[in-house]
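The values are calculated or read from the model by the stated rules, or taken from the named source; none is laboratory data. Keep in mind that this is a model prediction, so the values were computed, not measured. Here the Cβ positions follow ideal geometry from the backbone for every residue, glycine too, while neighbour counts run over all protein chains shown.
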Amino acid sequence: MSIDEVRAPEADLHHRVYEPLLDERAYRVEQIDGTLPKDLTGTLYRIGPGKHRVGNTLLHSLFDGDGMVSQFVLDGSSVRYRNRYVRTRHFEHGRRSDRIRYRGVGTQIPGGPLANIGRLPANLANTNIVNYDGGLLALWELGNPHRIDPDSLDTLGPLDFDGKLGFLGAFSAHPKWDPVTGDMYNFGLDLLPTPRIRTYRVDRSGRLHLLATVPMLDLVWNHDFALTGKYLVFVLDPLLPDLPKIALASHSFIDSLRFDRAKGTRFLLVPKAGGRPRIVEHEALLHFHLTNAYDDGADVVVELVRFDTPWDEVRGATNSINSGLAQVPRFPDSRLMQYRITRGGTVIERELSGRSVEFPQYDWRQSTRRHRYSYLAGKSADARVYDSIVKVDQRSGMETRCEFALSSVGEPLFVPRTPDAEEDDGWLLFLNHQLAEHRSQLVLLDARDLERGPLATAWLGHHIPWGFHGTFTQRIAR
């Protein structure tokens with residue numbers, strides 16, 4: 001479909017959420033409302049699909065946009081902004097051609113099954129950006145990470161850990177760090193040569209070690225995991241690939257996933273120190289993201305955002321980019337939940353918040369340990385997209401929030417005021433797309449007092465398309 005064929009109604013400003021940003025820019029932000037905290041210094045990085053198109057040919061899957069990294073440099077008195085696209089093969093091809101050459105997660109190559117059979121989705125490096133080895137990694141589910149220069153945002157090339165990532169090179173977009181050892185843990189899903197989950201540990205010298213490999217003939221799609229002092233914790237919902245559809249390439253990968261409620265959800269606990277993984281069966285859940293997990297005696301406790309919207313509706317919403325629909329589909333209804341897996345194999349469920357939320361975050365210093373506060377993007381009563389920042393106090397049960405009118409907010413990252421500050425003593429940093437003005441803001445909240453509203457708002461001269469995840473470092477990029 002050509003760009004000229006899509007005409008979104010001007011009255012529905014929510015279509016601006018996914019509009020592309022084609023230019024790469026670098027400048028000092030001139031308009032800052034409020035006052036920047038002098039002791040908040042460092043660099044925030046965000047990543048997401050910057051454009052859903054190959055040349056002038058539009059793409060329709062949320063997951064198939066080229067990865068774009070945004071950099072915000074804070075020195076205590078000013079904010080500098082820079083953005084760069086990750087130079088993947090897909091991106092470079094799109095600069096030269098309007099023809100779709102690479103298959104996507106939700107996009108087929110024109111020409112039917114014969115044009116797609118045997119082709120894997122292109123690595124778009126669009127899902128997460130993390131600090132690693134003095135630089136950055138741009139991550140995508142089904143392939144190698146891409147190294148990114150933390151100053152210029154130049155793409156330095158893919159990283160395969162000396163070929164140890166296996167046949168597909170799958171490396172999840174959500175690695176976790178052990179705060180005691182500094183080791184990074186992650187996993188990959190392999191459909192070939194046999195369906196399995198491969199788990200990894202990357203030590204502080206950068207060497208990758210294979211932990212457990214868990215064969216699963218009915219392997220499900222899984223996006224995230226959590227880490228405790230003892231385990232890698234997986235919550236495996238029954239999102240099953242339809243293998244004939246995948247093998248014959250009759251459908252896209254996302255359209256080949258089916259939700260089989262009868263199979264239920266499996267909690268998979270993989271011991272970090274080695275040993276046999278443990279599986280605990282539970283009723284069927286649907287989720288994308290976990291918050292944190294911890295050991296409580298012999299029990300394991302994990303927190304996640306559970307969707308109440310059926311899978312077919314969630315999948316349909318992810319395939320509605322550039323659709324020309326009168327209204328942008330609503331983000332899924334959801335709840336923040338906690339699950340306790342007991343030594344005897346019982347799963348105890350607890351609702352932490354009934355508000356529709358996503359992109360759960362917490363104080364990363366509490367990783368693998370019990371955390372008290374969760375920070376999330378949330379929806380107000382009639383919102384189609386996330387327009388609020390929500391804080392949940394698990395100890396008191398209190399929920400506070402900060403709402404933004406006609407806006408699209410992203411994942412809130414917590415930055416502690418000092419290295420040894422108490423949990424919740426710091427700031428929340430997140431992006432807000434002010435839809436009426438079609439401009440994005442970097443917003444700073446006092447994590448202890450969301451209802452006070454922004455401490456500072458740095459207005460960009462343009463918008464940033466809706467994105468996924470990010471990271472913060474105290475290093476001030478040059």
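Each residue in the stretch 99-112 was checked for being over 18 Å from R315 (Cβ atoms), surrounded by 14 or more Cβ atoms within 10 Å (Cβ to Cβ) and in contact (Cβ under 8 Å) with a residue 12 or more places away in the chain, and 3 pass.
When the stretch 56-98 is examined, which residues are found to be surrounded by fewer than 16 Cβ atoms within 10 Å (Cβ to Cβ), part of a helix (DSSP H, G or I) and either over 24 Å from the mean Cα position of the chain (by Cα) or at pLDDT below 95 (or both)? Listed by number, the residues that qualify are R95, R96.
Looking at H251 and the list (1) buried (at least 17 other Cβ atoms within 10 Å of the Cβ); (2) part of a strand (DSSP E or B); (3) modelled with pLDDT under 95, which single condition is not satisfied? That leaves (2) as the condition not met. Residues in the stretch 405-426 that are touching a residue at least 40 places away in the same chain (Cβ under 8 Å), outside any loop (DSSP other than H, G, I, E, B), closer than 25 Å to V17 by Cα and not small (G, A, S): 2 in all. When the stretch 118-171 is filtered for residues that are surrounded by fewer than 23 Cβ atoms within 10 Å (Cβ to Cβ), in contact (Cβ under 8 Å) with a residue 24 or more places away in the chain and at positive phi, the ones remaining, listed by number, are G118, D133, F161, D162, G166, G169. In the set (1) farther than 30 Å from R475 by Cα; (2) aromatic (F, W, Y); (3) in a strand (DSSP E or B), Y102 fails one condition alone, (3).
Just so you know, in the stretch 353-366 the residues that are surrounded by fewer than 20 Cβ atoms within 10 Å (Cβ to Cβ) and not basic (K, R) include one that is farthest from V233 (Cα to Cα), and it is G354.
Evaluate the following for R340: is it out of contact with any helix residue (DSSP H, G or I) (no Cβ under 9 Å at 6 or more places or on another chain), more than 22 Å from G467 (Cβ to Cβ), surrounded by fewer than 18 Cβ atoms within 10 Å (Cβ to Cβ) and touching a residue at least 24 places away in the same chain (Cβ under 8 Å)? Yes, satisfied. Could you list all residues from the stretch 26-43 that are without any contact (Cβ under 8 Å) to a residue 60 or more places away in the chain and either touching an Asp or Glu at 6+ places or on another chain (Cβ under 8 Å) or surrounded by 12 or more Cβ atoms within 10 Å (Cβ to Cβ) (or both)? Hit for the stretch 26-43 is A26, nothing else. Considering the stretch 448-463, and only residues there that are of a type in the set (A, V, I, L, M, F, W, C) and in a loop (DSSP other than H, G, I, E, B), the residue that is surrounded by the most Cβ atoms within 10 Å (Cβ to Cβ) turns out to be L460.
Picking from residues in the stretch 185-221 that are under 17 Å from L142 (Cβ atoms) and in contact with a Gly (Cβ under 8 Å, 6 or more places away or on another chain), the one that is surrounded by the most Cβ atoms within 10 Å (Cβ to Cβ) is I197.
What do you reckon, is A477 in contact (Cβ under 8 Å) with a residue 24 or more places away in the chain and in contact with a Pro (Cβ under 9 Å, 6 or more places away or on another chain)? Before the answer, list the steps.
On the way: in contact (Cβ under 8 Å) with a residue 24 or more places away in the chain: yes; in contact with a Pro (Cβ under 9 Å, 6 or more places away or on another chain): yes.
Yes, satisfied.
Tally time: how many residues in the stretch 264-285 are on the phi > 0 side of the Ramachandran plot and at pLDDT 95 or above? Here the count works out to 1.
Sort through L248, L257, L210, L240 and tell me the only one that's within 27 Å of L159 (Cα to Cα) and of a type in the set (A, V, I, L, M, F, W, C).
The conditions single out L210.
Out of the residues in the stretch 361-382 that are in a loop (DSSP other than H, G, I, E, B) and in contact (Cβ under 8 Å) with a residue 24 or more places away in the chain, which is nearest to A421 (Cα to Cα)? Among those that are in a loop (DSSP other than H, G, I, E, B) and in contact (Cβ under 8 Å) with a residue 24 or more places away in the chain, it is D363. For the stretch 71-102, a residue qualifies if it is in contact with a Ser or Thr (Cβ under 8 Å, 6 or more places away or on another chain) and closer than 15 Å to L59 by Cα, and the qualifying residues are D98, R99, I100. Candidates in the stretch 392-447 are the residues that are under 22 Å from the mean Cα position of the chain (by Cα), β-branched (V, I, T) and closer than 18 Å to G378 by Cβ; of these, the one that is surrounded by the most Cβ atoms within 10 Å (Cβ to Cβ) is V443. The set of residues in the stretch 174-231 being outside any strand (DSSP E or B), under 23 Å from the mean Cα position of the chain (by Cα), hydrophobic (A, V, I, L, M, F, W, C) and under 24 Å from I341 (Cβ atoms) consists of L219, V220, W221, F225.
Restricting D242, D260, D224 to those that are out of contact with any Gly (no Cβ under 9 Å at 6 or more places or on another chain), under 22 Å from N292 (Cα atoms) and of a type in the set (D, E) reduces the list to D224.
Here R119 meets each of (1) part of a loop (DSSP other than H, G, I, E, B); (2) of a type in the set (K, R); (3) farther than 17 Å from F253 by Cα with one exception, condition (3). Taken together, A273, A317 contain a single residue that is touching a residue at least 12 places away in the same chain (Cβ under 8 Å) and touching a Pro at 6+ places or on another chain (Cβ under 8 Å), which is A317.
Any residue at all in the stretch 305-322 that is of a type outside the set (D, E, K, R) and within 21 Å of W177 (Cα to Cα)? Yes, the conditions are met somewhere in the stretch 305-322. Filtered by the rule that a residue be assigned to a loop (DSSP other than H, G, I, E, B) and either farther than 19 Å from F63 by Cβ or modelled with pLDDT of 95 or more (or both), the stretch 123-143 gives N123, L124, A125, N126, T127, D133, G134, W140.
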